[in-house]
1. Hey, could you check the stretch 10-28 for residues that are aliphatic (A, V, I, L, M) and part of a helix (DSSP H, G or I) and say which is farthest from Glu38 (Cα to Cα)?
2. Provide a single number: the residues in the chain that are touching a Gly at 6+ places or on another chain (Cβ under 9 Å) and among the small types (Gly, Ala, Ser).
3. Of the numbered conditions (1) surrounded by 12 or more Cβ atoms within 10 Å (Cβ to Cβ); (2) of a type in the set (Phe, Trp, Tyr); (3) at pLDDT below 90, Tyr21 fails exactly one; give the number of that condition.
4. Would you check which residues across the stretch 4-43 are among the aromatic types (Phe, Trp, Tyr) and more than 10 Å from the chain's Cα centre (by Cα) and list them?
Amino acid sequence: MVFLDEDGKEILRVDAVIQLYRLLGVFGYINKPGYREEPNYQAWRLERRKVVVEK
């Protein structure tokens, strides 16, 4: 799957079959849109994880 922004620029590419919870995380990154704040998906995911753990 390839996710593109409004201008057709690639945001994120998922090249392999992944587990549902990971796919939901990718959808959240695209839908929020987290990619505007953090272009690196892994960094965005780790930052969100810290927030959840701290609450």
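The values are calculated or read from the model by the stated rules, or taken from the named source; none is laboratory data. Since the structure is predicted, the reported quantities are computational estimates derived from the model, not experimental observations. Don't worry about glycine lacking a Cβ; one is built from the backbone with ideal geometry, like all the others, and counts go over all protein chains shown.
1. Leu20
2. The qualifying residues number 2.
3. In the conditions (1) surrounded by 12 or more Cβ atoms within 10 Å (Cβ to Cβ); (2) of a type in the set (Phe, Trp, Tyr); (3) at pLDDT below 90, Tyr21 misses (1) alone.
4. Let us first name the residues in the stretch 4-43 that are among the aromatic types (Phe, Trp, Tyr), namely 21, 27, 29, 35, 41.
Hit for the stretch 4-43 is Tyr21, nothing else.
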